[in-house]
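Worksheet: the structure to be examined is printed underneath.
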Amino acid sequence: MAVPKSLVYLVTTEKLADNNSVHSVGGEVLMRQIDDRVIVVQVLVAFFLCINFLLIITFFKKDCFRTNMRYIFFANTLLSDCLFLILTDILLILSYFRFPMQVWLCLILCIVSSMNTCVTPITLTAMTLERYVAICMPLRHGELCTTRRALNCILIIHSLGSMPIIITLFIFFTSATYSLYTQYRICSVDMFILHRWQGHVRSAVQQLYFLIMSVTIVFSYVKIMKVAKAASGENKNSTWKGLRTVVLHAFQLLLCLIQMWCPFIEAAVLQIDLMLFINVRYFNYITFILAPRCLSPLIYGLRDEKFFLALKYYAFFGLYKK
């Protein structure tokens, strides 16, 4: 089966090669600029991974965190983000150096990476619902938000997060020939979109997820806002703090959901200008892939007093004490 013409990144690298061969001076400037950007990405990824690993260690060190639903969701987000950052960074480096690999190996990397793409936004939606139950249904919070229910929810979250890539791969398996799996290609998720209608199906699934999660966030925000206006004293402060957490979740979720639109935006920009496409793709990677993954430590790692004190203690190897 012929390689599809819609492989955005493969087309981009071919165009880059052509530009570098025809315009040597301009090519050197372009490659130096990309080198600088790749280095910046590596520094950011390493920084976020170090912070996330420290947060994960803090979570597993304390029993009070391992038995609390919102901290369990938080740890699930951290683990998923770490795996996602590592895999996307590997794919970025392989694509940048135009290192080809067999399609079956690329398939495995893309499956794991794509499964973790939706885990963070779905987990954020579940965390928002947990805040809704804690504020709007405080008497039932202990009953509904148990450790066992949290683990069951994580299984559901990962199942839902796997559905988009399962649908994409099911269509791919029915369309691809056996010889395609042994061919060498520049690895990209777009490689598995062999026909235009397959891209439309993937887009429809992503938009459905976008709609459901957006409605859930808005519903929770409106309900918590009503409780916040009616609350008084300490309850009012606690409720407004929960409302601010929901707002941060909504902002983080918005960045994650915009990521689903990035492939379509980049494909349209590629038809206009190559340099603009490179800039847009770099901006999208920093803003909609790296940035949402650094907000989780901010929301629960720094804003949560209990977790922040434990984090300080382990970050300073036990030398810091309250």
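The values are calculated or read from the model by the stated rules, or taken from the named source; none is laboratory data. Only a predicted model underlies this, so the values are computations on that prediction, with no experimental measurement involved. Areas reflect the complete protein model, heavy atoms only, side chains present, ligands, DNA and RNA absent. Shrake-Rupley method; radii C 1.70, N 1.55, O 1.52, S 1.80 Å.
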**OP:** Once you have a ≥ b ≥ c as the square roots of the Cα gyration tensor eigenvalues for the range 157-300, tell me rounded if a/c is under 1.5, and otherwise prolate or oblate according to whether a/b is larger than b/c.
**Re:** prolate
Subject >> Residues whose placed amide H lies under 5 Å from that of Gln183, excluding near-sequence neighbours >> reply: Val103
Original post:
Of all accessible surface on the range 156-299 at a 1.4 Å probe, what whole percent is carbon and sulfur?
Top reply: 71
**OP:** Sort largest first and round to whole Å: the equivalent ellipsoid semi-axes of the range 43-199, each the square root of five times a Cα gyration tensor eigenvalue.
**Re:** 36, 20, 11
**OP:** Roll a 1.4 Å probe over the protein chains and send me the accessible area per residue for the range 245-295 in Å².
**Re:** 41
Original post:
Is the range 81-131 rounded, prolate or oblate when judged by the Cα gyration tensor, a ≥ b ≥ c being the square roots of its eigenvalues, rounded requiring a/c under 1.5 and prolate requiring a/b larger than b/c?
Top reply: prolate
Subject >> Global form of the range 110-181, assessed from the alpha-carbon gyration tensor, a/c cut-off 1.5 >> reply: prolate
